[in-house]
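Have a look at the structure below, then the notes.
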Amino acid sequence: MSNTLSTAQKDTKAQHIATAAGELFTQQAFADISVADIAQHAGVAKGTLFNYYHTKENIFMTLLLNGYQRYFVTLNATFRDDPVHTAQQLKERLLAETSHLVTDHATLVRLNALRGPVLEPHADREQTLAGRQALYAANLALGQTLATQLPGLSVTAASHLFVSQSAIISGLMNLTGLDRFNRTALETDFPAFQINLETEARQTFGYYLDGILQEELHANSKRS
């Protein structure tokens, strides 16, 4: 009997390994998780794991890109089912989604904060590119939906809203860690670094939305 797996079976196995890594990440820091830990949690041999992912970082990069892709697809469906008609409605929905990301997708935003400095240098280029292409398509589709609902808002600007949202959350997450070193509190007190991530993210993104939506809609209204 042949042990060769079909493409669908390989995809299922790869997803199973990534899911196991994600489960560990909900309980431990990235640095504390080894490839051996992931293989054991997934119930596969370490050598088998390397048939699907060359590095630990590549597993978590896959989790990040696939996770955000699914999030954008779901959010797009939500906006299609319940459209917005004004800039204020869009702002309120996006701020609610910011809270949703921080509170209900904590693993995703933690991974996103690791992307540039930790994951990307050791992730597989081809797998990362494929993941980014799928993510870009989902982001673009979401932007197209919003641009259709809010005349004057370009697809590019609408799609970029979520890039800025992501950058704001990741930046604030890194800021909140300045009162600690290697997850240990420093003896010196730094009250300015002790922030509420959800509150600060909503406030900062809200300021950004006020400016960009006003600028974008005003500029397009003058051209039309």
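Here the chain is assigned +1 on the Cβ of each Lys and Arg and -1 on the Cβ of each Asp and Glu. Its dipole about the Cα centre then comes out at about 580 debye. Leaving out ligands, DNA and RNA, what percent of the accessible area of the chain is carbon and sulfur, probe 1.4 Å? Roughly 53 percent of what the probe reaches on the chain is carbon or sulfur.
Approximating the spin labels as points 7 Å out from Cα along Cα→Cβ, the Leu140-to-His85 distance works out to 3.1 nm. One decimal place: the segment Thr103-Ser34 gains 22.2 nm when fully extended, by the rule 0.36 nm per residue minus the C-alpha distance. Helix 155-176 and the long axis of the chain differ in direction by around 60°, with both axes built from C-alpha atoms.
In terms of overall dimensions, the C-alpha atoms belonging to region 38-175 reach 53, 30, 25 Å along their principal axes, ordered largest to smallest.
Between 0 and 90 degrees, the angle of helix 87-104 with respect to the longest Cα principal axis of the chain falls at about 20 degrees. Between the listed residues Phe79, Thr48, Ser99, the Cα displaced farthest toward the positive end of the dipole of region 40-126, a dipole computed from Cβ unit charges relative to the Cα centre, is found at Thr48. Segment Arg132..Ser154, full-extension length gain: 5.8 nm, with 0.36 nm per residue of separation and the alpha-carbon distance subtracted. Could you report region 103-155's accessible area per residue, 1.4 Å probe, as an integer in Å²? With the other protein chains kept in place, region 103-155 gives 53 Å² per residue. Placing pseudo-labels 7 Å out from each Cα toward the beta carbon at Asn174 and Ile195 gives an inter-label distance of 1.3 nm.
Gain on full extension, evaluated as 0.36 nm per residue between Arg70 and Thr12 minus their Cα-Cα distance, stands at 19.2 nm.
The values are calculated or read from the model by the stated rules, or taken from the named source; none is laboratory data. From a predicted model like this one, the values you see are computed outputs, not experimental measurements. Please note: Cβ atoms are built from the backbone with ideal geometry, for glycine as well, and neighbour counts cover all protein chains shown. Side chains are part of the model used for accessible areas, which takes the heavy atoms of the whole protein and leaves out ligands, DNA and RNA. Shrake-Rupley method; radii C 1.70, N 1.55, O 1.52, S 1.80 Å.
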